[in-house]
1. Does A:I290 meet the test of being over 29 Å from A:K68 (Cα atoms) and among the hydrophobic types (A, V, I, L, M, F, W, C)?
2. Mind checking which pairs have a first residue in region A:170-183 that is without any contact (Cβ under 8 Å) to a residue 40 or more places away in the chain and a second that is open to solvent by 30 Å² or more (accessible area, probe 1.4 Å), Cβ under 8 Å, 6 or more apart or different chains?
3. Restricting attention to region B:54-65, which residues are open to solvent by 40 Å² or more (accessible area, probe 1.4 Å) and either closer than 22 Å to B:G129 by Cα or within 14 Å of chain A (Cβ to nearest Cβ) (or both)?
4. As an exercise: evaluate A:D108 against (1) open to solvent by 30 Å² or more (accessible area, probe 1.4 Å); (2) more than 26 Å from A:S151 (Cβ to Cβ) and give the number of the one condition it does not meet.
5. Which of the numbered conditions does A:E60 fail, given that it passes all the others? Conditions: (1) part of a helix (DSSP H, G or I); (2) open to solvent by less than 60 Å² (accessible area, probe 1.4 Å).
6. Please enumerate the residues belonging to region B:14-67 that are without any contact (Cβ under 8 Å) to a residue 12 or more places away in the chain, of a type in the set (S, T, Y) and touching a helix residue (DSSP H, G or I) at 6+ places or on another chain (Cβ under 7 Å).
7. Can you say whether A:E322 is surrounded by fewer than 18 Cβ atoms within 10 Å (Cβ to Cβ) and either at pLDDT 90 or above or not small (G, A, S) (or both), as far as the supplied structure shows?
8. Tell me the residue from A:E253, A:E279 that is within 14 Å of another protein chain (Cβ to nearest Cβ), open to solvent by 30 Å² or more (accessible area, probe 1.4 Å) and of a type in the set (D, E, K, R), please.
Amino acid sequence: MAHTNYAYAVARIRANELQLFSNQLVEQLLATKSYDECLRMLLDKGWGDEAAAGIPTAEELLSGEREKTWALIGELCEDMSPFDVFLYANDYHNLKAAIKLVCTNTDDFGIFIKNGTVDCNRILNAIKDRDFYELPDPMRAPAQEAYSALSQTRDGQLCDIIIDRAALEAILSAGSASDNSLIQKYAELTVASADIKIAARCCRTGKSLEFLRRALAPCRTVNVTLLARAASEGMEAIADYLEGTDYAGAVSELQKSASAFECWCDNLMIQSIKPQQYEVFGIGPLAAYILARENEIKTVRMILSGKLNSLPDAAIRERIREMYV
Amino acid sequence: MSTLGMALAILGAALAACLAGAGSAVGVGLAGQAAAGVVTEDPNKFSKVLVLQLLPGTQGIYGLLVAFICLSNIGIIGGAPAEMSLVKGAMYLAACLPMAIAGYVSACYQGRASVASIGLVAKKPDQFGKSMIFPAMVETYAILALLVSILAIMGVGNASF
């Protein structure tokens with residue numbers, strides 16, 4: 001009866017999905033007149049810690065919501081390893097932060113993301129002691145390479161591309177190892193969209209073909225050799241290349257801006273996880289819930305920062321993601 | 001009297017009770033997990049999900065009923081064991097099989113349908129009436145099997161072999 005696993009977990013997720021924000025509710029948030037009003041509306045909807053005194057800051061509210069999601073998933077699953085793929089980006093961010101802190105001899109000023117598969121103190125201590133064997137196997141070689149690159153050349157960008165590529169490879173490898181189609185799709189889309197964003201950014205900043213080849217992580221739906229060559233030729237060449245891929249629909253968004261393209265990718269992911277609302281067993285609905293919450297948190301972050309900076313509603317709406325429910 | 005014939009008839013009754021009961025246990029257990037998940041989040045939905053959890057339990061009762069009728073017909077319950085040939089025993093066994101097999105399979109699948117309906121009630125409690133219909137449809141086939149088994153046992157009981 002392996003195919004009937006997670007009946008309890010999925011039922012709890014179904015009940016929790018009632019609390020997820022719909023597109024209509026996001027519109028209501030957008031219609032609030034100020035940052036404070038938006039924050040109050042979020043608190044009324046059950047966001048934040050009821051026991052906490054006073055109004056939290058946006059960052060406290062958002063990180064609190066992320067912690068609630070992972071606490072719920074932790075309660076539902078004894079083995080959290082199928083969901084590690086969603087946390088690898090945090091791990092590699094922490095690795096990058098640790099290397100930069102150590103190489104620049106700076107104290108930690110709260111740049112680590114607590115929610116990862118590896119404790120951030122363990123990463124920091126491993127880098128401080130140059131004891132790379134303390135790190136998990138897939139992190140060792142990129143950590144060593146990035147540390148050497150930064151300490152010898154002081155080239156922060158080189159350090160970034162080494163770790164970012166390692167993060168993408170870790171995500172893709174976790175996706176390939178998973179037997180869940182949603183996780184496979186997530187990994188593929190994450191890597192492909194990151195490659196396209198890197199290619200577009202490198203094209204705009206005039207990076208060399210060698211740099212592009214080093215930065216792009218190979219995946220199934222994007223031929224990185226062709227993409228790198230196209231990026232070295234110009235934006236038109238990238239658009240021409242993408243026309244023949246699964247990401248043809250993203251060309252117009254990519255030409256608008258990187259954030260419009262990112263929004264398109266997030267919406268594509270949400271559309272592909274929507275069928276999980278009708279699944280009754282397996283980890284698919286749980287993984288979809290994690291992605292839906294991340295999407296919701298990202299959208300609320302956009303709205304709050306837009307309100308805080310008094311951006312016009314139209315500018316915020318451009319960045320608003322489609323909701324899961 | 002053939003001892004083997006009597007053994008086959010008892011085996012039929014045992015299969016009807018055991019397989020249908022096992023199917024119900026699987027179905028009710030599965031639906032129970034989902035029901036517990038919903039009640040964890042919203043205890044007010046207890047009565048609704050309880051009904052859905054119980055639906056796959058009926059096959060176990062049907063299996064028990066078929067086993068009782070069979071055991072009663074062959075005289076194991078309420079009288080002395082009747083004279084029975086090997087052929088008659090085998091026919092009792094065959095008569096019990098529809099309830100045993102259809103009971104097991106339908107209970108397992110009804111459990112899955114109940115889990116899906118519990119998910120529906122979790123999200124849309126006002127659709128409880130409709131949510132009951134989906135698992136109840138599976139019940140049809142258990143009832144058909146019950147009828148066939150009862151008619152067959154009665155027929156075998158009246159026949160002379």
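The values are calculated or read from the model by the stated rules, or taken from the named source; none is laboratory data. Worth saying up front: this structure is predicted, and the values here are computed from it rather than measured. Note that each Cβ is placed from the backbone with ideal geometry, even for glycine, and that neighbours are counted across all protein chains shown. For the accessible areas, the whole protein counts, side chains as well, though only heavy atoms, and no ligand, DNA or RNA atoms are used. Shrake-Rupley method; radii C 1.70, N 1.55, O 1.52, S 1.80 Å.
1. Numbers: over 29 Å from A:K68 (Cα atoms): no; among the hydrophobic types (A, V, I, L, M, F, W, C): yes.
For A:I290, the condition - over 29 Å from A:K68 (Cα atoms) and among the hydrophobic types (A, V, I, L, M, F, W, C) - is not met.
2. A:S173/A:P138; A:S176/A:Q184
3. Scanning region B:54-65 gives a single hit, B:L54.
4. All conditions are met except number (2).
5. That leaves (2) as the condition not met.
6. Matches in region B:14-67: B:T40 only.
7. Numbers: surrounded by fewer than 18 Cβ atoms within 10 Å (Cβ to Cβ): yes; either at pLDDT 90 or above or not small (G, A, S) (or both): yes.
When the stated conditions are applied, A:E322 passes them.
8. After ruling out the rest, the residue left standing is A:E279.
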